[in-house]
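Read through the structure below, which is laid out as structure tokens, and then see the notes.
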Amino acid sequence: MASNSFAERLANIFRERDITQQEAAQKVGVSRQAIARWLNGSSEPERDKIVALSEFLRLPPAYLMFGESGAFDSVELNDDMISIPVLDVQGGCWPAGRENSVVSMVMLLRVAKEWVLSRCPSANLYKLHIINAFGDSMEPTIKEGDFIIVDTSKRSVSADGIYAIQAGQDTFIKRIQRQIDGSILLLSDNPHYQPFQVPAEERDNMHIVGRCIINCKAEDL
């Protein structure tokens with residue numbers, strides 16, 4: 001499905017799913033002629049229509065705009081709001097390779113920039129996604145069912161904190177503590193779970209998906 005332009009990506013999706021211009025126009029709230037112009041590359045939709053189109057297609061808006069390289073990125077709607085994809089990853093586990101998929105968005109959430117920045121002033125507003133917490137290993141900090149906003153621009157452990165970490169077939173949400181010998185400790189906030197040490201020479205085998213910057217209930221967003 002990878003293509004070089006918005007028009008090519010959209011045309012490929014329409015062909016693969018057998019979507020008609022009239023069907024898309026009704027779902028997105030535009031004319032059939034507008035859909036035709038998007039498909040032939042003579043014009044591109046405004047941001048609000050990109051979001052409506054992505055909701056209809058169940059694809060992240062950043063994928064439609066930028067292709068595979070930005071598939072899960074959050075998108076700026078206006079000066080006040082951003083749209084963040086909620087992924088179909090339940091809990092800390094994320095099958096390997098899922099990050100490059102374009103079919104795993106559950107929904108989009110419109111979130112006020114001020115709300116995000118008031119909780120994490122250093123957040124990269126254009127590299128956010130949301131996953132759903134599962135299990136009790138990070139309680140009481142993160143409870144099962146919480147929404148976790150992950151800043152995927154933070155892919156190296158430059159500071160201690162809570163990260164989403166991919167290791168083999170699984171992804172874990174753990175607190176990372178750096179050690180003086182170059183190793184790191186993966187810590188659960190629940191004292192019933194034991195720490196796990198990653199030796200310095202094995203750190204390269206651990207992929208940092210991003211830093212978990214905010215956890216909250218769905219109704220808080």
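Within the chain, how many lysine pairs that are 8 or more places apart, or on different chains, have C-alpha atoms less than 26 Å apart?
Count of close lysine pairs: 18.
On the principal axes of its Cα set, how long, how wide and how thick is region 142-220? Give whole Å, largest value first.
Result, largest extent first: 42, 31, 25 Å.
Net charge near residue 112, counting Lys/Arg +1 and Asp/Glu -1 over other residues with Cβ under 15 Å of its Cβ?
-3
For the chain, what does the convex hull of the Cα positions come to per residue, in cubic angstrom?
Hull volume normalised by residue count: 128 Å³.
Give me the distance between the Cα centres of region 140-178 and region 186-215, rounded to whole Å.
7 Å
Of the residues 19, 35, 142, which exhibits the maximal mean-square fluctuation in a Gaussian network model of the chain defined by a 10 Å Cα contact cut-off?
Maximum fluctuation in the GNM of the chain, among the listed residues, is at 19.
Can you pull out the GluC sites (Glu not before Pro) in region 30-71 that DSSP calls coil and that have at most 15 other Cβ atoms within 10 Å? Intermediate results must be reported in sequence, preceding the final value.
Values: sites: 46, 55, 68; in loops: 46.
Listed in order of number, the matching sites are 46.
Net charge around residue 38, counting only other residues with Cβ within less than 12 Å of its Cβ (Lys, Arg = +1; Asp, Glu = -1)?
Net charge around residue 38: +1.
Ignoring ligands, DNA and RNA, what percent of the 1.4 Å accessible area of the chain is carbon and sulfur? Could the numbers behind the result be given before it?
Working: 5270 of 11130 Å².
Solvent-exposed carbon and sulfur of the chain make up 47 percent of the total.
When Lys and Arg each count +1 and Asp and Glu each count -1, what net charge do the other residues less than 15 Å away from residue 217, Cβ to Cβ, add up to?
For residues surrounding residue 217, the net value is -3.
Cα-Cα pairs above 20 Å in region 1-77: how many percent?
Of the Cα pairs, 19 percent sit more than 20 Å apart.
Roughly speaking, what is the stretch gain from residue 32 to residue 5, that is 0.36 nm per residue apart minus the C-alpha to C-alpha distance, in nm to one decimal? Walk me through the numbers before you get to the answer.
Values: separation 27, 0.36 × 27 = 9.72 nm, distance 2.02 nm.
Length difference between fully extended and current span is 7.7 nm.
Rounded to the nearest 10 Å², what accessible area does residue 188 show when all protein chains are kept and the probe is 1.4 Å?
20 Å²
Work out, in µm²/s and without decimals, the Stokes-Einstein translational diffusion coefficient of region 41-88 at 10 °C, 1.306 mPa s, Rh from Kirkwood over C-alpha pairs.
The diffusion coefficient I find is 145 µm²/s.
The values are calculated or read from the model by the stated rules, or taken from the named source; none is laboratory data. Since this is a predicted model, take the numbers as computed values, not measurements. Neighbour counts run over all protein chains shown; Cβ positions are idealised from the backbone, glycine included. Areas reflect the complete protein model, heavy atoms only, side chains present, ligands, DNA and RNA absent. Shrake-Rupley method; radii C 1.70, N 1.55, O 1.52, S 1.80 Å.
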